[in-house]
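The values are calculated or read from the model by the stated rules, or taken from the named source; none is laboratory data. Model, not experiment: these values are computed from the prediction. Neighbour counts run over all protein chains shown; Cβ positions are idealised from the backbone, glycine included. Accessible surface is based on the protein model in full, side chains and every heavy atom, while ligands, DNA and RNA are left aside. Shrake-Rupley method; radii C 1.70, N 1.55, O 1.52, S 1.80 Å.
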Amino acid sequence: MRKHQVVMLRPLLPEAQQKLQESCSIRIFEQENPLESAVFREWLATAEGLVAGGNLAVDEQLLAAAPQLRVIVQPAVGYDNIDIAACTRRGIPVGNTPGVLVEATADLTFGLLLCAARRIHEGWDFVRQGRWAAGEGFPFGFDLFGKTLGIVGLGRIGAAVAKRARVFGMEVLYHNRRRRPDEQELGIRYADFNPLLEQADCIIVLSPLSAETRDMFGREQFARMKPSVYFINAARGPIVDTGALVEALTARQIAFAAMDVTDPEPLPAGHPLLQLPNVLITPHIGSATIETRTAMALLTADNLLAGLARHPLPACVNSEVNYQ
Ligand code: DGY
């Protein structure tokens, strides 16, 4: 049997990689800036499947270099690095991994808020540095119970975060492109964007990155927030204007920011955000549990195998070109 030519940016987890062995001939290109490499472009010329990743811009230039592509897949729910319209024009379905990462990402997102509010990360440093044993006092955090949480971007992950917040006794406002039919069931209230910024004690951002959401949070938005606000970004770094965030945190225009995503990502050593005391940053680990990453890798493999066989992808972003 002829094997399908597949190019990957990094290997999937072994369970998923094994699923592909029988029918795919896989080439893995793990270096930076792949498109600048003649070898990568040569591989693309014959690739039928591409397993992309967040740092690779899948645009017209890449697609033009890969005329045989039947399918593009990515082990992530986000696909802001992929020009979906361009893929659709070429009839190439794009597979992602929604659903399987909802609970893990919601845990991490709400965990960032809880950790920041109760200063858990600072408490551990305090103990380790011997300051507890030395009798020093530890600064108070604040209660989540009874506070108002504003969620911007309420899809599946946002709904899972809202459920957690309700269990913790929080009021939940949300702002979204579309109102949700299950507001009552979730116990949440819709708010326009500016009122949400003004009323919330804590704000969690979960919107996908797009032309509309890029720099959605800048000077004007931070100025509208309560000075005591805790601001959490678990979506994509460029949704926030990093310079404006640094200014707002430095001037204590807002109290605290916790982020699983940054712009740039990763943050280089010495970046101003790393110098601030009122910041907590994790290295984009929203979905990084064994169970979830395994499920994402397996779904990525299933998407790839389906596309190579010209069968419908189990999870397709541009369903109008999904194979039937
Ligand atoms: C996702 O699945 O989009 C995560 O943010 C990883 O990029």
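Remark: the stretch 14-63 carries 54 Å² of accessible area per residue (probe radius 1.4 Å; ligands, DNA and RNA excluded). Per residue, the convex hull spanned by the Cα atoms of the chain measures out at 153 cubic angstrom.
For the stretch 173-324, what is the charge dipole size about the Cα centre, in debye to the nearest 20, if Lys and Arg each add +1 at the Cβ and Asp and Glu each add -1 at the Cβ?
Value, rounded to 20: 60 debye.
Give, rounded to the nearest 20 debye, the magnitude of the charge dipole that the stretch 220-296 has about its Cα centre when Lys and Arg contribute +1 at Cβ and Asp and Glu contribute -1 at Cβ.
200
Working from Cα pairs under 8 Å separated by at least six residues, relative contact order for the chain is 19 percent.
Please give the helix 156-167 orientation as an angle from the longest Cα principal axis of the chain, in degrees from 0 to 90, rounded to the nearest 10. It works out to around 30 degrees. Across the accessible surface of the chain, with the other protein chains kept in place and a 1.4 Å probe, carbon and sulfur atoms take up 52 percent.
Protection proxy ranking of 250-262, 267-279, by the mean of other Cβ atoms within 10 Å over each peptide's residues and highest first, is 250-262, 267-279. The listed peptides 89-99, 73-83, ordered by packing as a protection proxy, come out as 73-83, 89-99 (highest mean of other Cβ atoms within 10 Å first). Annotation: per residue accessible area for the stretch 224-324 equals 43 Å², rounded to a whole number [probe 1.4 Å, protein chains only]. For the stretch 252-263, the Karplus equation 6.51 cos²θ - 1.76 cosθ + 1.60, evaluated at θ = phi - 60°, returns couplings of 6, 5, 10, 7, 7, 10, 10, 9, 9, 9, 9, 9 Hz by residue, with Gly and Pro reported as x. Run the numbers on the stretch 160-298 and let me know its relative contact order in percent, using alpha-carbon pairs under 8 Å that are six or more apart. Once divided by the residue count of the stretch 160-298, the mean separation gives 17 percent. Annotation for LEU114 and GLU247: the two label points, set 7 Å from Cα along the Cα-Cβ direction, are 3.6 nm apart. Distance from the Cα centroid of the stretch 181-210 to that of the stretch 215-269 is 17 Å (rounded to whole angstrom). Compared with the direct C-alpha span, the chain from GLN184 to ALA45 gains 44.9 nm at full extension, assuming 0.36 nm per residue. At a probe radius of 1.4 angstrom, the accessible area of the stretch 101-174 per residue rounds to 50 square angstrom. For the stretch 1-51, give the magnitude of the charge dipole about the Cα centre (Cβ charges: +1 Lys/Arg, -1 Asp/Glu; no others), in debye to the nearest 20. Its charge dipole is roughly 200 debye. Looking at the chain, send over the antiparallel percent of its DSSP beta bridges, to the nearest 5. Antiparallel bridges: around 5 percent, rounded to the nearest 5. Packing, taken as the mean count of other beta carbons within 10 Å per residue, orders the peptides 121-131, 43-53, 205-215 from highest to lowest as 43-53, 205-215, 121-131.
Here is how the number arises for the chain: DSSP H runs of 4 or more residues each give -39500 (n - 2.57), the sum is divided by the residue count, and the result at 222 nm is -9500 deg cm²/dmol. For the pair the stretch 119-149 and the stretch 160-179, the centres of their Cα atoms are 26 angstrom apart.
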